[in-house]
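Below is one structure, written out as structure tokens, with a few remarks after it.
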Amino acid sequence: MSLGKIRMLCSDISHMPLHFTFMKSGVAEKHGFELEVDCCRVSLEGRPARAMDERAKSILSGEYQFLSGLHHEPYIYRAKGDKRFLYLAQTQNDWDDRLIARADIKDAKQLEGKKIITNRAPCVGGNLDHALALAGVDISKVEFIFPETERGHKSVEAVARGEVDAANVDIPFDLQARKRGLTVIKLPSVPVIHNTTICAITDYVWKNEEKTTAFLKGLIDAIHFFKTEKQKVCEILSKELAPLLHLNGDDEVEYLQEEWAKLLSAKPYPHPLAVWNVYNLDVAHDPKVNFIGPFEIWDTHYLREIDDSGFIDGLYNGHTH
């Protein structure tokens, strides 16, 4: 029986390696639904790009059934008495941005007194601050630049031209940087809620539990497909994502697939440290919100039911670790 169309809004193009795979691999149809994804700031398949400030209201209105991202606003809504937001799954628990720098900069400490391109969002710029501090950098001595244009190939070009000293970029722009002779600075690993956090609202989930379970099974299946079908995933990414990101060559697509395959969790539960770290970037320091606990938004019982049924272990023949 067809469950019809499910619509998801993606917070950033950086989430789309998984979501293009989800849409184009056939796993959604396997679980009885058609998946349509729109993206903030990027037009997909002729549909208009959405604004970041539309995310919460667009899912509350029912325009979308699921949202990829929205890591802070649900806590603010809950603090104001609106308890409809839920987080249902987390596909990765480690920050995956990479820090590139001029060729003569080899160590994070050398970035003191330098200019770094980053993003104002706590889950990007905040994570960078945290990682730099863990690396021993006095971030008060760093000048952070917040460009209006998207990070990515433009950030690589800005560092290569010497306009800035460093930039934090998504995979595979670290490879693109290395190909241009730039340095990739090693930073301490930081567990954090990042990229594809599946957000929904109680109004929809409680009335559509069959669709919710099918969607989560499809997501889990998409992760398995991403990890195990490298050639097919690379074909999807080459066609759908590479032109949008301005990738240069099959090597960058393959590198993107390989690195994401390592990051994605076969069982997409949130890690406690990842939840705490994203909470601590913003919410924990706001007295108007921090009486809301870090796990109050999370509801993983649908995921647990799927897991307990043996569905995930069956995909990996019991080898999910």
TODO: Count, please, the residues in segment 5-30 that happen to be closer than 13 Å to A214 by Cα and modelled with pLDDT under 95.
DONE: 0
Task: Every residue from segment 237-285 that is open to solvent by 60 Å² or more (accessible area, probe 1.4 Å), out of contact with any Lys or Arg (no Cβ under 9 Å at 6 or more places or on another chain) and touching a residue at least 24 places away in the same chain (Cβ under 8 Å) - done: L244, H271, L273
Task: Filter pass, D221 being within 30 Å of K83 (Cα to Cα), in contact with a Lys or Arg (Cβ under 7 Å, 6 or more places away or on another chain) and without any contact (Cβ under 8 Å) to a residue 60 or more places away in the chain - done: no
Task: Within segment 87-161, strands (runs of 3 or more DSSP E) holding 2 or more residues that are in contact with a Leu (Cβ under 9 Å, 6 or more places away or on another chain) - done: 98-101
- [ ] Check off (1) among the aromatic types (F, W, Y); (2) farther than 27 Å from Q176 by Cα; (3) crowded, with 23+ Cβ neighbours inside 10 Å for Y77 and give me the number that stays unchecked.
- [x] (3)
TODO: Quick one: in segment 158-180, of everything that is surrounded by 19 or more Cβ atoms within 10 Å (Cβ to Cβ) and among the small types (G, A, S), which residue is farthest from L245 (Cα to Cα)?
DONE: A166
Task: Extreme residue, nearest to the chain's Cα centre (by Cα), among residues of segment 162-205 that are part of a loop (DSSP other than H, G, I, E, B) and among the hydroxyl-bearing types (S, T, Y) - done: T196
Open item on the list: Condition (residue is open to solvent by less than 20 Å² (accessible area, probe 1.4 Å), without any contact (Cβ under 8 Å) to a residue 40 or more places away in the chain and within 21 Å of the chain's Cα centre (by Cα)) applied to segment 53-72: is it met by at least one residue?
Closed with: yes
Open item on the list: For the condition at pLDDT below 95 and among the small types (G, A, S), what is the one hit in A274, A242, A266, A222?
Closed with: A274
TODO: Would you check if K115 is more than 22 Å from the chain's Cα centre (by Cα), in contact (Cβ under 8 Å) with a residue 12 or more places away in the chain, more than 30 Å from I292 (Cα to Cα) and surrounded by fewer than 16 Cβ atoms within 10 Å (Cβ to Cβ)?
DONE: no
- [ ] Give, as residue ranges, the helices (runs of 4 or more DSSP H) completely inside segment 1-82 that count at least 1 residues that are within 22 Å of V278 (Cα to Cα) and aliphatic (A, V, I, L, M).
- [x] 16-24, 55-60, 73-79
TODO: Please state which one of T228, T213 is open to solvent by less than 60 Å² (accessible area, probe 1.4 Å), over 14 Å from F20 (Cβ atoms) and polar (S, T, N, Q).
DONE: T213
TODO: Mind counting the residues in segment 183-210 that are open to solvent by less than 10 Å² (accessible area, probe 1.4 Å), polar (S, T, N, Q) and either touching a Pro at 6+ places or on another chain (Cβ under 7 Å) or modelled with pLDDT of 95 or more (or both)?
DONE: 1
- [ ] Sort through D299, D313 and tell me the only one that's within 22 Å of the chain's Cα centre (by Cα), over 14 Å from I193 (Cβ atoms), surrounded by 12 or more Cβ atoms within 10 Å (Cβ to Cβ) and not hydroxyl-bearing (S, T, Y).
- [x] D299
Open item on the list: Given the condition closer than 30 Å to E157 by Cα and either at pLDDT below 95 or not basic (K, R) (or both), answer yes or no: does some residue in segment 70-86 qualify?
Closed with: yes
Open item on the list: Condition first: at pLDDT below 95, at positive phi, open to solvent by less than 40 Å² (accessible area, probe 1.4 Å) and under 17 Å from the mean Cα position of the chain (by Cα). Can you find one or more residues in segment 31-50 that meet it?
Closed with: no
Task: Residue match in segment 134-142 (condition: under 25 Å from the mean Cα position of the chain (by Cα) and surrounded by 19 or more Cβ atoms within 10 Å (Cβ to Cβ)) - done: no
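The values are calculated or read from the model by the stated rules, or taken from the named source; none is laboratory data. For clarity, every value in this text was computed on a predicted model and none was experimentally measured. Don't worry about glycine lacking a Cβ; one is built from the backbone with ideal geometry, like all the others, and counts go over all protein chains shown. Quick note on the areas: whole protein, heavy atoms, side chains included, nothing else; ligands and nucleic acids left out. Shrake-Rupley method; radii C 1.70, N 1.55, O 1.52, S 1.80 Å.
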